[in-house]
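Report on the structure given below.
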Amino acid sequence: MMIKLKDNAIGNIVVLAIVVAIAAGGLATGLFVGHLSTNLPIEQTQGKTGASSSGSFQLILVITTNNYYNASVGDQPAFFVLQNGTLQSAANITIPANQKIEMTIIDYDDGNGSVASIYANVTGTLNGKETIVNNTNVNSTNANNQIAVNGSEQVSSVPVENIAHTFTVQNGSNIILNIPIEPSSVVQATFELGPGSYTWQCEVACGSGSTGWQGAMDSPGWMTGTLTAN
Ligand SMILES: [Cu+2]
């Protein structure tokens, strides 16, 4: 598969530890995930699981790689929505409009892929930045029988050769939202969208076929889908 250019077991372990930490923290504070792609009306879930104490909406996405697509293509990477402790389809994501969305993307994919350089820029987020936690900048050490974690890095772009996937929303050729995601990393960003139905798309050629734009790349719930703000 194109996306698998290296194997980084240590990176995976670090990311897994971060996922566990985020999950534990989220459950403990009641921030854990919002309502997404459910059949429940928004009123039933918003505020119960989606709204944090700061009034923002938590959206957690997970990218995994070994998802069986079909017999000819084999495995493909896919986004999922992490909701109430389970992975759900990302084909139809629903968020509140005109409200701060605190998005966390947990990426288990350890390889980069081919992407146009425009998508190396962070676009449409608070201060034009995203926060990256990866194996390099987290710089964990063993200290007094505990783990010492030295946080994260705020960036407004990512080196184009170090992008595994993007979460991108466009209106025609206008990029409304673009979040580049490094291999084996956790990315956080805050954004707001006006009411509407948008298409989200990964812009890294991580699918199948000669261009890498088939398979996951043109299948809802894999590397594309609908993002509804209402
Ligand atoms: Cu992708």
So Asn137, is it modelled with pLDDT under 95, away from the ligand (no atom under 16 Å from the Cβ) and under 30 Å from Asn230 (Cα atoms): no
Can you pull out every residue in the stretch 149-163 that is surrounded by 14 or more Cβ atoms within 10 Å (Cβ to Cβ) and part of a loop (DSSP other than H, G, I, E, B)? Val149, Ser152, Val158, Ile163
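So if I check each of Val115, Val158, Val81, which one is of a type in the set (A, V, I, L, M, F, W, C), within 16 Å of the ligand (Cβ to nearest atom) and in contact with a helix residue (DSSP H, G or I) (Cβ under 6 Å, 6 or more places away or on another chain)? Outline the logic, then answer.
Numbers: Val115 fails: in contact with a helix residue (DSSP H, G or I) (Cβ under 6 Å, 6 or more places away or on another chain); Val81 fails: in contact with a helix residue (DSSP H, G or I) (Cβ under 6 Å, 6 or more places away or on another chain).
Just one listed residue meets the conditions, Val158.
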Going by the conditions given, is Ala78 under 22 Å from Asn178 (Cβ atoms) and touching a Pro at 6+ places or on another chain (Cβ under 8 Å)? no
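Results for (1) within 16 Å of the ligand (Cβ to nearest atom); (2) without any contact (Cβ under 8 Å) to a residue 24 or more places away in the chain; (3) part of a helix (DSSP H, G or I); (4) acidic (Asp, Glu), shown as yes or no for each residue.
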| position | (1), (2), (3), (4) |
| --- | --- |
| Asp110 | yes, no, no, yes |
| Val133 | no, no, no, no |
| Asn142 | no, yes, no, no |
| Val169 | yes, no, no, no |
| Leu177 | yes, no, no, no |
| Pro180 | yes, no, no, no |
| Pro183 | yes, no, no, no |
| Tyr198 | no, no, no, no |
| Cys206 | yes, no, no, no |
Take the residues in the stretch 97-119 that are closer than 16 Å to Trp200 by Cα and surrounded by 15 or more Cβ atoms within 10 Å (Cβ to Cβ); name whichever of them is nearest to the chain's Cα centre (by Cα). Ile105
Got at least one residue in the stretch 208-227 being assigned to a strand (DSSP E or B), aliphatic (A, V, I, L, M) and surrounded by 16 or more Cβ atoms within 10 Å (Cβ to Cβ)? yes
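For the structure I just gave you, tell me whether Val149 is in contact (Cβ under 8 Å) with a residue 40 or more places away in the chain and either within 16 Å of the ligand (Cβ to nearest atom) or out of contact with any strand residue (DSSP E or B) (no Cβ under 7 Å at 6 or more places or on another chain) (or both). Don't jump to the end; show me each part of the working.
Details: in contact (Cβ under 8 Å) with a residue 40 or more places away in the chain: no; either within 16 Å of the ligand (Cβ to nearest atom) or out of contact with any strand residue (DSSP E or B) (no Cβ under 7 Å at 6 or more places or on another chain) (or both): yes.
Spelling it out, it is not the case that Val149 is in contact (Cβ under 8 Å) with a residue 40 or more places away in the chain and either within 16 Å of the ligand (Cβ to nearest atom) or out of contact with any strand residue (DSSP E or B) (no Cβ under 7 Å at 6 or more places or on another chain) (or both).
Which count do you get for residues in the stretch 112-127 that are in contact with a strand residue (DSSP E or B) (Cβ under 6 Å, 6 or more places away or on another chain) and assigned to a loop (DSSP other than H, G, I, E, B)?
The first filter runs over the stretch 112-127 and keeps only residues in contact with a strand residue (DSSP E or B) (Cβ under 6 Å, 6 or more places away or on another chain), leaving 119-126.
Next, only the ones that are assigned to a loop (DSSP other than H, G, I, E, B) stay: 122, 124-125.
Residues meeting the conditions: 3.
Among the residues of the stretch 120-148 satisfying the criterion of being under 12 Å from Ile179 (Cα atoms) and β-branched (Val, Ile, Thr), which is surrounded by the fewest Cβ atoms within 10 Å (Cβ to Cβ)? Spell out the reasoning first.
So in the stretch 120-148, the residues under 12 Å from Ile179 (Cα atoms) come out as 120-126, 128-132.
Applying the additional criterion that residues be β-branched (Val, Ile, Thr) yields 122-123, 125, 131-132.
Numbers: Val122: 25, Thr123: 22, Thr125: 20, Thr131: 17, Ile132: 25.
Ranking the candidates gives Thr131 first.
The values are calculated or read from the model by the stated rules, or taken from the named source; none is laboratory data. The structure presented is a predicted model; accordingly, all values stated were derived computationally and were not measured. No Cβ is skipped: glycine too gets one built from the backbone with ideal geometry, and neighbour counts run over all protein chains shown.
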